[in-house]
Amino acid sequence: MTGAISWFADLRITDRPTVGGKGASLGELTHAGIDVPPGFVVTTHAFELFLEALEAREPIRPLVEALVPDDLAAVTALSRSLRTRIENEPLPPSVEQAILDAHARLGATTVAVRSSATTEDAEDASFAGLQDTFLWVLDAADTVHRVRECWGSLYSVESMTYRRKHGLPEEGVAMAVVVQTMVDARTAGVMFTRSPTTGDKSVITIEGAWGLGSAVVSGEVTPDRWVMGKITGEISVRDISDKHIRQVPAPDGGIVDEELPEAMRRAPSLSDEELQALRTVGRAIERHYGRAQDIEWAIDKAGRVLLLQSRPETVWSAKDQKPVVEAKADPLTHVMTIFGGRR
């Protein structure tokens, strides 16, 4: 794949190297028949063309690889310098035109522009939350600008520090960008097909709040929480919070906080029917991937359930892979450890 643009409908999870974790997941969900807002991905090929033009004048990747992750002053200074360069550099004309044409074909009045790093949402490393997302982007020209900002966020302090601490080579790191029809959500949130607190595989945990899901993901609102039997659908936990605000679209783009009326603050943000619909979709996604998932969802003003992202659950899966007893070089020592040193 060498084009600057790829559409969700043409992508599978195996396309992660060219469209990043988020883009590949959205393509895979679309292929699986899950209701996903349509969109396209500005590929890593477009990023490489852009970076090549920048590095022809002054290096970028060698400077990052030379960083000592604990030297916060140096990391901060380099981040500021690189992001300024990237956000002010014109796109290659072919890349910019491809984005403008795809935006016109999408036909959406507003879009979400979301970073999709190639190492993001993989099973062995998660970059989730380290790069930028822009919601309620109003037009094609602003979309082009936000793509550059997403590329720049690959060189944020947090992202560069993460890569250096994990020894990830810069040559293998690239940024794709998802451009997706924006959902004007009535309610949104996250769903875990394995309990995030206990690791229980028999339940689904759903968290949601009024408005856009950004308030839940960022922690600005304590969401309502339900725990349901994955098979039975029985709701064992109903924890309805006091939701003081919701995030809604701003008239001039972006999002704003809006105070909630008193009647909505303590009202459940999801009905039982909607909870069951989410459970059904969550089970379908888990079956498709063959492992537990962390899922972002939204319900629009018409009551339609839409999936915005699904990534592998990593915390409990990593614990499952650890041996119960630390391996010993001497097998007899291992046996004696288990039985308290008694033969």
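Only the coordinates and a few stated rules stand behind these numbers; no lab work does. Treat the numbers as computed from the prediction; the structure is a model and nothing was measured. Note: ideal-geometry Cβ built from the backbone for every residue, glycine included; neighbour counts use all protein chains shown.
Summary of computed values
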{"quantity": "Candidate aspartates and glutamates for bridging to residue 301, where Cα separation is under 12 Å - those fewer than 8 sequence places away on the same chain excluded", "calculated": "184"}
{"quantity": "Percent breakdown of C-alpha pair distances by 5 Å bin, ordered from the shortest bin, for the stretch 156-222", "calculated": "3, 13, 13, 12, 15, 19, 18, 6, 0"}
{"quantity": "Charge dipole (the chain, unit charges on Cβ, about Cα centre) - positive-most of 93, 152, 310", "calculated": "310"}
{"quantity": "Spin-label pair residue 63/residue 84, simplified geometry with 7 Å Cα→Cβ offset, distance in nm", "calculated": "1.0"}
{"quantity": "Calculated FRET value between residue 258 and residue 237, using beta carbons and R₀ = 41 Å, to 0.05", "calculated": "0.90"}
{"quantity": "Cut-off under 5 Å, modelled amide H: who pairs with residue 230 long-range", "calculated": "203, 204"}
{"quantity": "Value of [θ]222 nm, deg cm²/dmol, for the chain, DSSP H segments ≥ 4, -39500 (n - 2.57) each, nearest 500", "calculated": "-11000 deg cm²/dmol"}
{"quantity": "P(r) histogram, all alpha-carbon pairs of the stretch 1-143 included - 5 Å bins from 0, percent", "calculated": "2, 9, 15, 20, 22, 15, 9, 5, 2, 0"}
{"quantity": "Those aspartates and glutamates that a straight Cα-Cα span of less than 13 Å connects to residue 165, excepting residues fewer than 8 apart in one chain", "calculated": "65, 70, 71"}
{"quantity": "Spatial extent of the chain: Rg and Dmax, with the Cα atoms as the point set, Å", "calculated": "22.0, 75"}
{"quantity": "The stretch 189-297 - Rg (one decimal) and Dmax (whole number), Cα, Å", "calculated": "14.5, 45"}
